[in-house]
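Take a look at the structure below.
The values are calculated or read from the model by the stated rules, or taken from the named source; none is laboratory data. What you are looking at is a predicted structure, and each value in this text was computed from that prediction instead of being measured. Here Cβ is always computed from backbone atoms with ideal geometry, including for glycine, and neighbour counts include all displayed protein chains.
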Amino acid sequence: PAPLVSVVMSVRNGERFLPAAIDSILRQTLDRIELIVIDDGSSDGSPEILAGIDDSRFRTLRQAHAGLAAALNRGIRKARAGLIARMDCDDEAAPDRLERQLDYLRTHPEVGLLGTAGTLVDEAGTEVGEWRPPVDDESIRRRMIRRNQFMHPSVMLRKSIFEAVGGYREDMPRAQDYDLWLRMLARTHGANLPEPLLRRRLGPTQF
């Protein structure tokens, strides 16, 4: 059967946390998924880690380094499901993350962009904080004027709307996700699940 959700992850020299990130997706309570990992020109052990994964739901795309936006656009183009879940190579998803998001989007057809709350951890895995975003469309819109209200690797979105707005802008050096959400919210509603369904790893520059 075709996957219900396509998970898209980009990796560039992420060998340290990559196995745990992949494992957290392949062990989801939702089984009908595919995981597409784009190797964006890694020069560390990431290609070997990816080559060693034996799971029919897993695919790797390799490319010369082109940046996150280009990698994600390529992965989403190849995705077979109508729902796309983002994931980063150094984070870990709660076991029921994808099932919870799928259930919500099935019962809320007006929502095309769905994030979650998250637990923030440092490089050692120690909890250092929480991401608690607004959960309803009106509150999200009010605060999006000032700052991004979606944690990028927690998002699940409808591929049709992603394609309708042209995907990530590959010429933007940063905030490609914030820009995409604003364009999507012109066509659909947004929401965040209040449960922390992602462990988001902060690098030393993010504190």
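Any residue in segment 50-61 that is among the aliphatic types (A, V, I, L, M) and crowded, with 20+ Cβ neighbours inside 10 Å?
Yes, because at least one residue in segment 50-61 is among the aliphatic types (A, V, I, L, M) and crowded, with 20+ Cβ neighbours inside 10 Å.
Is it true that Ala20 is free of Cβ contacts under 8 Å to residues at least 12 places away in the same chain and surrounded by fewer than 18 Cβ atoms within 10 Å (Cβ to Cβ)? No, not satisfied. The set of residues in segment 170-202 that are in a loop (DSSP other than H, G, I, E, B), of a type outside the set (A, V, I, L, M, F, W, C) and closer than 22 Å to Val7 by Cβ comprises Glu170, Thr188.
For segment 101-117, residues that are surrounded by 13 or more Cβ atoms within 10 Å (Cβ to Cβ) and of a type in the set (S, T, N, Q) total 2. Scan segment 176-202 and report the pairs whose first residue is over 29 Å from Ala66 (Cα atoms) and whose second residue is crowded, with 20+ Cβ neighbours inside 10 Å and at pLDDT below 95, with Cβ atoms within less than 9 Å and a gap of 6+ or a chain change. Close Cβ pairs (under 9 Å, with a partner that is crowded, with 20+ Cβ neighbours inside 10 Å and at pLDDT below 95) do not exist here. Give segment 154-175 a look and list any residue that's among the polar types (S, T, N, Q) and surrounded by fewer than 21 Cβ atoms within 10 Å (Cβ to Cβ), or say none. Result: Ser160, single match. Scan segment 111-133 for residues that are assigned to a loop (DSSP other than H, G, I, E, B) and within 10 Å of Pro196 (Cβ to Cβ) and the total you get is 1. Taken over segment 39-49, the criterion of being in contact with a strand residue (DSSP E or B) (Cβ under 7 Å, 6 or more places away or on another chain) and either exposed (fewer than 13 other Cβ atoms within 10 Å of the Cβ) or not in a helix (DSSP H, G or I) (or both) is satisfied by Asp39, Asp40, Gly41, Ser42. Scanning segment 1-17 for residues that are among the small types (Gly, Ala, Ser) and surrounded by 23 or more Cβ atoms within 10 Å (Cβ to Cβ) returns Ser6, Ser10.
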